[in-house]
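See structure below.
The values are calculated or read from the model by the stated rules, or taken from the named source; none is laboratory data. What you see is a predicted model; the values in this text were computed from it and never measured. In this analysis, Cβ positions are derived from the backbone assuming ideal geometry, glycine residues included, and neighbour counts consider all displayed protein chains.
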Amino acid sequence: MNTRTGTLTRDEISEQSQWDLSGLYSSDEEWNSELEILERELPGYASFQGTLAQSSTTLKACIEFDMNFSRKLEKLYTFAHLKNDEDKTNSFYQGNFEKVMRLLTEAGSASSFIRPEIMTIPQDQMAQFLEEKEIEFYKYHLEQILRYRDHTLTDKEEKLLAASGEMGRASRDAFDMLDNADLKLGEIEGEDGEPLSLTHGNFQSLMQSYDRRVRKDAFHTYYNAYESHRFTYSTLLSGSVKKDLFYSRSRNYSGYRAKALFSENIAESVYDNLIESVHQNLKPLYKYFDLRKRLLGVDELHAYDCGVPLVKNIKWRMPYEEAVEKIKISLQPLGTEYVERLEQGLLKDRWTDRYENKGKRSGAYSSGCYDSNPFILMNYQEDNINSVYTLAHEAGHSMHSLFSRETQPYLYADYTIFVAEVASTFNESLLTKYFLSQDIDQEMRIYLLCREIDNFRGTLYRQTMFAEFEHRVYEAAENNQPLTIETFQEIYKSLLELYFGPGLVLDDCLSLECFRIPHFYFSFYVYKYATGISAAYALADRVLSGGNEELNDYLNFLKSGGSKYPIDLLKMAGVDMNSPEPVRTALTKFSALVDELESLTIKN
C-alpha cells in the first residue's frame, strides 16, 4: 500500500486486511435483533427506583442489573461504531450507529436515578452496607460513586442531564463528519509529477517527502481546506467547550478541568507540574530545531520541514506483515505469552483493519469490549515509519485490554485513559531500542534517532502544548471571554511561538491547526499522552534493567484494569506520577538524544 491508497473503496481492500468482527455478531440482522431485545429490557431499571436503601440485597440486585445491561449495550455499541468507522459515507451503518447512540442516551436517562439515590442513603447505613459480605465485591465501585456526593443532583435533574447526552455530542459528531466525510483536502502534484489527492492518511507521509516543494504544497493545500471552513470549525469547537462548561457548572465543579481530572482522582498539580516541567526544558527543543535547520541546509525552517528525515539516502518501506515481525521481536522482554498472543491477534485473528479506504475514519485507535477481541483501526502506510510505531502503540493498548478483561471481572476491567497511554508508549520504547540495537550504519542510526526525538517532541512537547491550549481556552470561557475564531487562533499562535521558539518560521495558516485536532472534543485528554510517555519510559527502564520481579510488576499492572485508581496502579508498577520526576527524567532523556544527534552530525 502506498500514499495513493485513499483512492480505494472498502470492497477493494482484501478480507485479510480487514478486521474480523464476526466474533461480535455474525450478521447485521443478529445485531439488530440483540438491539431490539435490549430495548425491551430497558424498563427494568424502573423496578429498582426508590428501593436502593431498603437492603444491601436490593442495592446489589440493582448494580448487577445495571452491569449486565451495560455489558450487552457495550457489545452492541462496539460493533456499530467499528462498522461506522469503516466508511463514514455508508448511510446504513450511520443509521445503526445512531440507533445504538439513542439507546445509550435512553439507558443513561433510565439509570440516572442510581447514583443520586445511592447518595441519599444515610452515611451510617451505607457504612453498614459496605461491611456486609454480600456487598463486599462492589465496595470499591460504591466508594467511587460516593466520591461524587457533592457533584450529584436530584433525580429529576440527573434525568434531564442524562437525556441531554445525545444533544450534547452534536458538535463532536458534526466535526467528525465534516473532517472525515465532507472536507475536501485538495490535490497536489506528487513527486512523480502526477496529480495526488490529499488525505488525512497520506498527509503525514507527504510531510516526510525529501522534495521540499511537495512538502510545502501539501502543507499549504491541506491547511487551505481548513481555512475555507475555519468559521465552521471555530463554531463547533466553541460549542463543545460551552457544552462542557454547562455540565461542570451544573455539577458544582470549580472548573471543567477539575471535573475532568476528578473522575480518575488525579490532582490538578499533576497537570500543572507537567506544563511547568516542559516550560523549564524548552532549550533542548530549540536546539533540535537549530540542528534540523543546519542539516537540511535551509535559510528558514518551517513546520513542513520538521518531519522529513535528516538523511537522504534512506527510503523507508515496511509492509504490514514485516512490521508485525519486527514488533514481535522487539517485545520479547515482555515474555513468550505476550508476544505469541499479540502475533496471533495481529495476523491470524485479524484484530487490525489495516489500510485507508474512501470514507474510513482517519488516524488510529484500539477498541473492543469485554466480550470481544481487541480491534485496531489503522491507516497503515508502508512508506512511513510512523505507521510501524502506531501499530506497536495500538498493540500496546490492545494487549492491555486483553489482559485486563481476562483477569478482572467486567465491573473492574476497564482501565482509565491516564494509564492507557503507558502500555502503548512502553511498546514504542522497546521498538526503538530494538531498532537501534541492530547492526546499522550511521545514516540509519541518525534516521532512527531522529524518529525517537520526533516521537518525544510529538508526544511530550506537542501534547503538553495541546494541554496548555485547552487549559487557556477553558479559563477564557470560564472568565466569560467570547470564544471567537480570533480567540482560538491567538491563544494557539502564542503557544506555537513559545514551544517552537525563535528558530522556526510560523506560517500564518499553522494557527488553524487547533481546529483539526479531534482530541479537543474529548477535553483534557491529551495531557495523558505526555504523562503516559513519561511513566512508560520510566517503567521500560525498570523492566529492562530488572529481573522477574520488575517484569511481573509491569504485567500485573496490565492485568489490573480499573481495580484501583490510576496513580495507585502506577505506584504498584513502580512509578509515582504525583511527583514531577518522571516527566523531568523523560525530558532529560530527550535532551540526551538531541546531544547524540549533534555529535553524530557534527561533521555534516
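Just a few scattered comments:
- Checking segment 444-459 against the condition returns a match, with at least one residue being farther than 26 Å from Ala364 by Cβ and either in contact with a Pro (Cβ under 9 Å, 6 or more places away or on another chain) or part of a helix (DSSP H, G or I) (or both).
- Scan of segment 519-554 for residues that are among the aliphatic types (A, V, I, L, M), farther than 29 Å from Ser238 by Cα and within 21 Å of the chain's Cα centre (by Cα), ordered by number: Ile533, Ala535, Ala536, Ala538, Leu539, Ala540
- The residues on offer are Tyr304, Tyr222, Tyr286, and the sole one that is aromatic (Phe, Trp, Tyr), over 30 Å from Arg115 (Cα atoms), outside the structural domain of Glu158 (by TED's automatic domain parsing) and free of Cβ contacts under 8 Å to residues at least 60 places away in the same chain is Tyr222.
- Residue check for Ser197: in contact (Cβ under 8 Å) with a residue 12 or more places away in the chain, buried (at least 18 other Cβ atoms within 10 Å of the Cβ) and either out of contact with any His (no Cβ under 8 Å at 6 or more places or on another chain) or under 19 Å from Glu513 (Cβ atoms) (or both): no
- Filter result (farther than 21 Å from Ala540 by Cα and either in a helix (DSSP H, G or I) or free of Cβ contacts under 8 Å to residues at least 60 places away in the same chain (or both)) within segment 378-408: Met378, Ile385, Ser387, Arg405, Glu406, Thr407
- Residue among Ser429, Ser387, Ser437, Ser398 that is under 29 Å from Met207 (Cα atoms) and either in contact with a strand residue (DSSP E or B) (Cβ under 8 Å, 6 or more places away or on another chain) or assigned by TED's automatic domain parsing to the domain that holds Lys75 (or both): Ser398
- Filter result (surrounded by fewer than 18 Cβ atoms within 10 Å (Cβ to Cβ), in contact with a Leu (Cβ under 7 Å, 6 or more places away or on another chain) and not β-branched (Val, Ile, Thr)) within segment 45-67: Met67
- Segment 316-344, residues that are within 24 Å of the chain's Cα centre (by Cα) and of a type in the set (Ser, Thr, Tyr): Tyr320, Ser330, Tyr338
- Total residues in segment 167-183 satisfying the condition of being part of a loop (DSSP other than H, G, I, E, B) and over 14 Å from Tyr233 (Cα atoms): the figure is 1.
- Ile327 vs. criteria at pLDDT 95 or above and either of a type in the set (Val, Ile, Thr) or part of a strand (DSSP E or B) (or both): yes
- Top-ranked residue in segment 407-428 [being surrounded by 20 or more Cβ atoms within 10 Å (Cβ to Cβ) and of a type in the set (Phe, Trp, Tyr); ranked as nearest to the chain's Cα centre (by Cα)]: Phe418
- Residue under evaluation Leu346, criteria (1) surrounded by 20 or more Cβ atoms within 10 Å (Cβ to Cβ); (2) touching a Ser or Thr at 6+ places or on another chain (Cβ under 8 Å); (3) assigned by TED's automatic domain parsing to the domain that holds Leu555, criterion not met: (3)
- Criterion violated by Glu268 - all others in (1) surrounded by fewer than 17 Cβ atoms within 10 Å (Cβ to Cβ); (2) more than 26 Å from the chain's Cα centre (by Cα) satisfied: (2)
- Counted residues, segment 148-168 - those being in contact (Cβ under 8 Å) with a residue 24 or more places away in the chain and closer than 20 Å to Ser523 by Cβ: 7
- Residue ID - surrounded by the most Cβ atoms within 10 Å (Cβ to Cβ), chosen from residues in segment 68-111 that are among the small types (Gly, Ala, Ser), part of a helix (DSSP H, G or I) and out of contact with any Ser or Thr (no Cβ under 8 Å at 6 or more places or on another chain): Ala80
- Qualifying residues in segment 146-193 (those that are β-branched (Val, Ile, Thr) and under 23 Å from Met119 (Cβ atoms)) - the one surrounded by the fewest Cβ atoms within 10 Å (Cβ to Cβ): Thr154
- Residue count for segment 216-271, restricted to those that are among the aliphatic types (A, V, I, L, M) and part of a loop (DSSP other than H, G, I, E, B): 2.
- Selection of first residues in segment 439-463 that are within 13 Å of Pro309 (Cβ to Cβ) and of second residues that are among the hydroxyl-bearing types (Ser, Thr, Tyr), restricted to Cβ pairs under 8 Å at least 6 apart or on distinct chains, gives the following pairs, ordered by first then second residue: Ile446/Thr601; Leu448/Thr432; Arg451/Tyr389; Arg451/Thr432; Glu452/Thr432; Ile453/Tyr288.
- Of all the listed residues (Ile533, Ile485), the sole one being in contact with a Ser or Thr (Cβ under 6 Å, 6 or more places away or on another chain) and either buried (at least 22 other Cβ atoms within 10 Å of the Cβ) or acidic (Asp, Glu) (or both) is Ile533.
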